[in-house]
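S.K.: Right, I'll just put the structure down here and ask away after.
The values are calculated or read from the model by the stated rules, or taken from the named source; none is laboratory data. These figures come from a predicted structure and were not determined experimentally. For neighbour counting, all protein chains shown are included, and Cβ atoms are generated from backbone atoms with ideal geometry for every residue, glycine included. Ligands, DNA and RNA are stripped out before the accessible areas are found, and what is left, the full protein with its side chains, is counted by its heavy atoms. Shrake-Rupley method; radii C 1.70, N 1.55, O 1.52, S 1.80 Å.
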Amino acid sequence: MKLSVIGAGYLGAVHAAAMASLGFDVVAVDVDADRIGRLRDGAAPFYEPGFDALLADVMATGRLTWSLDYADLADADVHFLCVGTPQRRGSHAADLRYVWDAVEALIPHLRPDAVLAGKSTVPVGTAAAIADRIARTWQGDSDHIPVVVWNPEFLREGFAVEDTLRPDRIVVGVPDGPAGERAAAVMREVYATQVAASIPLLVTDRPTAELVKVAANAFLATKISFINAMAEVCEATGADVVTLADAIGYDARIGRKFLGAGVGFGGGCLPKDIRAFSARAGELGVDQALTFLREVDDINSRRRDRAVETARDLVGGSFRGRRVCVLGAAFKPNSDDVRDSPALDIAARIHNEGGQVVVHDPKALANAEARFPSLRYEPDLRAALGGADVVLLLTEWQEYRDLDPVAVAEWVAGPRLLDGRNVLDGAAWRAAGWSFRGMGREHG
């Protein structure tokens with residue numbers, strides 16, 4: 001079986017390399033010549049733990065090819081659609097232009113027995129629309145034309161290789177009838193290694209498969225915003241949100257994961273996916289079902305406001321003339337992704353208030369500078385901390401967690417720190433002479 005991957009960004013590149021590592025012949029296509037050139041040279045265009053080694057291994061086998069020409073996909077049995085679906089400018093809805101561009105480019109090269117498996121996160125109903133588009137241009141028996149299925153991705157940045165090779169579940173949405181049965185059998189063959197390892201494979205209808213990813217992200221975003229809402233209450237009452245999260249997390253119905261209060265979520269998935277989900281619900285006439293997601297989004301934004309307010313309070317009410325060291329630019333550790341990064345957003349706000357902001361991040365400085373060129377970026381951690389009037393820990397990289405409060409106190413001008421991720425031992429930092437603040441915890 002030969003596979004193709006359309007889109008060689010974060011999702012597509014990892015998926016292509018992972019499928020090649022399982023023994024498939026894979027060709028991946030993208031319109032970005034620079035990206036394809038780097039991948040052909042075995043250089044990852046983004047930072048993802050484990051991907052460099054995986055890429056080197058599969059490139060050595062000859063099973064993975066990178067291309068700019070859709071004609072190279074013509075003999076593929078399964079085509080994985082892995083293009084981006086960003087938020088539409090001026091709207092909360094998803095921008096599907098890249099999806100439709102890819103579909104139009106692919107149609108002339110589809111075999112009648114091919115399967116098009118969508119992995120991109122799309123509004124429910126997109127798979128049916130793509131199938132209709134293919135049917136309108138295809139001549140022949142309706143049961144012998146390319147079949148569209150939806151196979152959503154569940155990658156966590158920082159764990160993408162593991163999540164592709166050993167996912168916690170595989171979902172495949174297929175149409176009714178013989179075509180759907182044929183496509184389901186093909187997809188079971190694609191994922192035979194994972195199924196043999198007892199990873200669940202759920203075959204369902206296409207609308208359900210499309211909803212799985214956005215529903216999962218909506219739930220996770222809601223859980224994060226819930227604990228951040230509790231942080232607001234804790235700040236008003238003197239309670240400790242970390243201990244609160246620990247206590248309720250022991251309840252098996254709730255669980256402790258994603259109950260980390262702080263400056264909120266960001267990245268290329270959760271923010272835009274919950275907005276697009278709400279927008280699609282409105283189009284379907286069921287917008288009241290998801291009105292709670294607006295408050296989820298609002299709570300998330302308020303946490304950034306609160307971080308700026310707390311940092312401003314630490315330096316006496318104004319950032320003007322103050323050197324502010326921001327630790328973190330990526331939206332999460334083990335990634336160089338700065339899309340909708342709370343850390344960068346907060347840094348930019350402080351800069352706009354007159355603060356002399358210096359940003360450090362182990363991996364994301366190049367991407368951060370491309371997005372916010374007005375900020376100052378420092379690759380050396382000690383230099384970034386040197387002379388700071390206040391330090392903001394906004395991305396929980398391990399090297400920040402491991403900082404020695406006694407040693408760092410000698411580098412800064414003023415030992416003041418906001419732990420925006422609630423990952424440090426506040427007592428140890430206070431004992432070293434720091435004015436220390438967390439998010440939703442006065443004494444932790």
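S.K.: Looking at the stretch 204-252, which of the residues that are of a type in the set (Gly, Ala, Ser) and part of a loop (DSSP other than H, G, I, E, B) is most open to solvent (accessible area, probe 1.4 Å)?
M.R.: Of the residues in the stretch 204-252, the ones of a type in the set (Gly, Ala, Ser) are 209, 215-216, 218, 221, 225, 229, 231, 236, 238-239, 245, 247, 249, 252.
Subsequent filtering for residues that are part of a loop (DSSP other than H, G, I, E, B) retains 238-239, 252.
Details: Gly238: 38, Ala239: 41, Ala252: 102 Å².
Once the filter is applied, the top-ranked residue is Ala252.
S.K.: Just name the residue that is most open to solvent (accessible area, probe 1.4 Å) out of those in the stretch 79-93 that are touching an Asp or Glu at 6+ places or on another chain (Cβ under 9 Å) and closer than 20 Å to Tyr10 by Cα.
M.R.: Arg88
S.K.: Residues being over 14 Å from Asp402 (Cα atoms), part of a strand (DSSP E or B) and under 32 Å from the mean Cα position of the chain (by Cα): count how many of those fall in the stretch 416-443.
M.R.: 5
S.K.: From Gly262, Gly321, Gly267, which residue is outside any helix (DSSP H, G or I), touching a residue at least 40 places away in the same chain (Cβ under 8 Å), out of contact with any Gly (no Cβ under 7 Å at 6 or more places or on another chain) and closer than 22 Å to Val359 by Cβ? Full working, then the answer.
M.R.: Details: Gly262 fails: out of contact with any Gly (no Cβ under 7 Å at 6 or more places or on another chain); Gly321 fails: touching a residue at least 40 places away in the same chain (Cβ under 8 Å).
None of the other options fit; the residue is Gly267.
S.K.: Exactly one condition in (1) of a type in the set (Lys, Arg); (2) at pLDDT 95 or above; (3) out of contact with any helix residue (DSSP H, G or I) (no Cβ under 6 Å at 6 or more places or on another chain) is false for Arg206; which is it?
M.R.: Every listed condition holds for Arg206 apart from (3).
S.K.: Still on this structure, I have one more. Scan the stretch 56-67 and tell me whether some residue there is within 22 Å of Lys2 (Cα to Cα), of a type outside the set (Val, Ile, Thr), assigned to a loop (DSSP other than H, G, I, E, B) and under 20 Å from the mean Cα position of the chain (by Cα). First the steps, then the outcome.
M.R.: Let us first name the residues in the stretch 56-67 that are within 22 Å of Lys2 (Cα to Cα), namely 56-67.
Still in the running and of a type outside the set (Val, Ile, Thr): 56-57, 59-60, 62-64, 66-67.
Applying the additional criterion that residues be assigned to a loop (DSSP other than H, G, I, E, B) yields 62-63.
Then drop every residue that is not under 20 Å from the mean Cα position of the chain (by Cα), which leaves none.
No: zero hits.
S.K.: Still on this structure, I have one more. Out of the stretch 271-298, which residues are part of a helix (DSSP H, G or I), farther than 15 Å from Ala215 by Cα and of a type outside the set (D, E, K, R)?
M.R.: Gly282, Gln288
S.K.: Now a separate question. For the stretch 107-120, enumerate the residues that are more than 16 Å from Arg182 (Cβ to Cβ) and either in contact with a Leu (Cβ under 9 Å, 6 or more places away or on another chain) or open to solvent by less than 10 Å² (accessible area, probe 1.4 Å) (or both).
M.R.: Across the stretch 107-120, the qualifying residues are His109, Gly118, Lys119, Ser120.
S.K.: From the list Ser341, Ser301, pick out the single residue that is crowded, with 21+ Cβ neighbours inside 10 Å, touching a residue at least 12 places away in the same chain (Cβ under 8 Å), out of contact with any Cys (no Cβ under 8 Å at 6 or more places or on another chain) and hydroxyl-bearing (Ser, Thr, Tyr).
M.R.: Details: Ser301 fails: crowded, with 21+ Cβ neighbours inside 10 Å.
None of the others qualify; the one that does is Ser341.
S.K.: Count, please, the residues in the stretch 1-43 that happen to be part of a helix (DSSP H, G or I) and open to solvent by 40 Å² or more (accessible area, probe 1.4 Å).
M.R.: Our first condition is that a residue be part of a helix (DSSP H, G or I); within the stretch 1-43, this holds for 10-21, 33-40.
When the remaining residues are screened for being open to solvent by 40 Å² or more (accessible area, probe 1.4 Å), the result is 10, 21, 33-35, 38, 40.
Number of matching residues: 7.
S.K.: Check the stretch 348-368 and report whether any residue there is of a type in the set (Asp, Glu), open to solvent by less than 50 Å² (accessible area, probe 1.4 Å) and under 30 Å from Pro123 (Cα atoms). Even if it seems obvious, please write down each step before you answer.
M.R.: Let us first name the residues in the stretch 348-368 that are of a type in the set (Asp, Glu), namely 353, 361.
Pick out the ones that are also open to solvent by less than 50 Å² (accessible area, probe 1.4 Å) and you get 361.
Retained after the next criterion (residues that are under 30 Å from Pro123 (Cα atoms)): none.
Checking the stretch 348-368: not a single residue is of a type in the set (Asp, Glu), open to solvent by less than 50 Å² (accessible area, probe 1.4 Å) and under 30 Å from Pro123 (Cα atoms).
S.K.: Is there any pair linking a residue in the stretch 389-401 that is closer than 10 Å to His360 by Cβ and of a type outside the set (Lys, Arg) to one that is open to solvent by 10 Å² or more (accessible area, probe 1.4 Å) and part of a helix (DSSP H, G or I), with Cβ under 8 Å and at least six apart or on different chains, and which?
M.R.: As it stands, the answer is Glu399/Leu381, since those pairs meet every condition given.
S.K.: Let me ask something else about it. Just to be sure before I move on: is Leu96 open to solvent by less than 60 Å² (accessible area, probe 1.4 Å) and either touching a Lys or Arg at 6+ places or on another chain (Cβ under 7 Å) or closer than 17 Å to Val27 by Cβ (or both) in the structure I sent? Working first, answer last.
M.R.: Details: open to solvent by less than 60 Å² (accessible area, probe 1.4 Å): yes; either touching a Lys or Arg at 6+ places or on another chain (Cβ under 7 Å) or closer than 17 Å to Val27 by Cβ (or both): no.
No: the conditions fail for Leu96.
S.K.: Among residues belonging to the stretch 128-164 that are part of a helix (DSSP H, G or I) and under 22 Å from the mean Cα position of the chain (by Cα), point out the one that is surrounded by the most Cβ atoms within 10 Å (Cβ to Cβ). Show your work before the answer.
M.R.: Initial filter on the stretch 128-164 (part of a helix (DSSP H, G or I)): 128-137, 142-144, 160-164.
Next, only the ones that are under 22 Å from the mean Cα position of the chain (by Cα) stay: 160-164.
Working: Ala160: 25, Val161: 21, Glu162: 14, Asp163: 17, Thr164: 23.
This residue is Ala160.
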